[in-house]
1. Evaluate the stretch 146-160: report whether one residue or more is outside any loop (DSSP other than H, G, I, E, B), touching a strand residue (DSSP E or B) at 6+ places or on another chain (Cβ under 8 Å) and of a type outside the set (D, E).
2. What tally of residues in the stretch 355-394 results from selecting those that are surrounded by fewer than 22 Cβ atoms within 10 Å (Cβ to Cβ) and of a type in the set (V, I, T)?
3. Quick one: what pairs do we get from the stretch 412-427, first residue near ligand 2 (Cβ under 6 Å from one of its atoms), second part of a loop (DSSP other than H, G, I, E, B) and of a type in the set (D, E, K, R), C-beta under 8 Å, 6+ apart or different chains?
4. Restricting attention to the stretch 264-303, and to residues there that are in a helix (DSSP H, G or I) and among the hydroxyl-bearing types (S, T, Y), which single residue is nearest to the chain's Cα centre (by Cα)?
5. Scan the stretch 36-50 for residues that are surrounded by 12 or more Cβ atoms within 10 Å (Cβ to Cβ) and more than 18 Å from T62 (Cβ to Cβ) and report the count.
6. Can you pull out the strands (runs of 3 or more DSSP E) entirely within the stretch 1-84 that have at least 2 residues that are more than 16 Å from ligand 2 (Cβ to nearest atom) and among the hydroxyl-bearing types (S, T, Y)?
7. State all residues of the stretch 159-174 that are in contact with a helix residue (DSSP H, G or I) (Cβ under 7 Å, 6 or more places away or on another chain) and either at pLDDT below 95 or of a type in the set (A, V, I, L, M) (or both); if no residue qualifies, say none.
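The values are calculated or read from the model by the stated rules, or taken from the named source; none is laboratory data. Here the structure is a predicted model, which is why all the values come from computation and not from measurement. So basically every Cβ, Gly included, is an ideal-geometry build from the backbone, and we count neighbours across all protein chains shown.
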Amino acid sequence: MGINYLYPDFEVVRNQDRCISCRVCERQCANEVHSFDEATGRMKADESKCVNCHRCVSLCPTRALKIVKTDHTFKENANWKGEVIQDIYRQAESGGVLLASMGTPKDYPVYWDKMLVNASQVTNPSIDPLREPMETRTYLGQKESVIKRDANGKIITKTAPQLKLEIPIMFSAMSYGSISYNAHKSLALAAQELGIYYNTGEGGLHEDFYQYGKNTIVQVASGRFGVHPGYLNAGAAIEIKMGQGAKPGIGGHLPGSKIGEDISKTRMIPLHSDAISPAPHHDIYSIEDLRQLVFALKEATAYTKPIIVKVAAVHNISAIASGIARSGADIIAIDGFRGGTGAAPARTRDNVGIPIELALASVDERLRQEGIRGNVSLVVGGSIRSSSDVLKAIALGADAVYVATSALIALGCHLCRTCHSGKCNWGIATQNPELVKRLNPEVGSERLVNLITAWNHELKEMMGGMGINSIEALRGNRLMLRGIGLHETELNILGIKHAGA
Ligand code: SF4
Ligand code: SF4
């Protein structure tokens, strides 16, 4: 037997005075870490399998467990850090690409945390968000650049199809396959109650969820899984997925082991076959090609649905967005490089793309300069963690934001970042029926509604403090932002002044 070079990342610490050997931890851990040792009459743990998902810790009735990061270490080396060495061991063992899930954990700058928000003082009174109307409703889609009137001088109100959002937050694309039936149902129920939208991702729409169509964005990705006329017409909008923040430039891969009966039917692919979405759409190699697909989808839905084009935030994002805005698309969704994923090559996730804050600022600025900002709405995602991130995104130029990781955390995700294993102990990123039933969709939906409602209260409170009473007045209002600890170039790209200026 070869030597195993990898030392466990975590240690399971069990307080033997508290442990009653009830074996709950054993039943709850799909990674088979815990077991009962007949010889000693005590529980024991195989720490090499622990991913630190906290399921056993949360459900232990006597609070006997904690998981700690191991202090086993390599000799200090600023260049060859322990994780770098461990990755080399892993690849020397497997010969394969390293897989990862969720957003990058690397220590890149988070610009949301380097921007501060303004508040009204003596000369510009704040607005009382409790007693005065605060408008967080917003509409996404192409806007008229000039007001048109009929022969009687009446304003012609017919506009391109719009998405009406009660709160400027939507649930981002997560496919049925990458997340469970119950996770999808939680998102659909919550979107319906909140008056917002959830997104099918590239996995098609399960027949049970057609009833939530008014609050659904249906996605068309390169694999075209589950795409048919009924599907396109079922949603409120159609999203063409060109790229994803966590893995720009590459496609997706859902292993055959996850393609059970329901998923195979929904995706319209054979049972247990790998679901591979190629990096490019094989019919799109230019903006003209994209335009053809945009209008093909509009034709297929009798021009009743706004079309979203989703791209990853990459180096020339403002030029790319300018092209998309001219393609006939109604909404551009930009996914930053900190965005999550069910599975991606670790090197791509951690090294490709750019932060959403910089991408958003440069796209909004470019579209304004070109006089085409009204052609499209901008939706941004890729690690929106709180209401203040939402507020800053809108002040930087977004019309609305997409959230996914925050929504999964609300459902119980503990960010163990092993979604690709299919063994999510919280019933979210799994298709194992025993694990899926751990997530109750009614409870999940209630938690999502609570989260977004709480964020909406905070949004209104902060907008009131700024003396602003509508999302429309906040959008692109960069005077409300100041940078802190940023260099001149960063401030220029963000289009904001430094704090104190
Ligand atoms: S993988 Fe999760 S449930 Fe299993 S031992 Fe580790 S923390 Fe506990
Ligand atoms: S969804 Fe599940 S597997 Fe993925 S990071 Fe969250 S807890 Fe871990």
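1. Looking through the stretch 146-160, at least one residue is outside any loop (DSSP other than H, G, I, E, B), touching a strand residue (DSSP E or B) at 6+ places or on another chain (Cβ under 8 Å) and of a type outside the set (D, E).
2. Qualifying residue count, the stretch 355-394: 1.
3. From the stretch 412-427, the pairs are W426/R438.
4. T266
5. Of the residues in that region, 5 qualify.
6. The strands (runs of 3 or more DSSP E) meeting that bar number zero.
7. Correct list: I167, I169, A173, M174.
Conditions tested, residue by residue: (1) in a strand (DSSP E or B); (2) in contact with a strand residue (DSSP E or B) (Cβ under 8 Å, 6 or more places away or on another chain); (3) crowded, with 20+ Cβ neighbours inside 10 Å.
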position	(1), (2), (3)
C424	no, no, yes
R438	no, no, yes
E446	no, no, no
L451	no, no, yes
K460	no, no, yes
E472	no, yes, no
N492	no, no, no
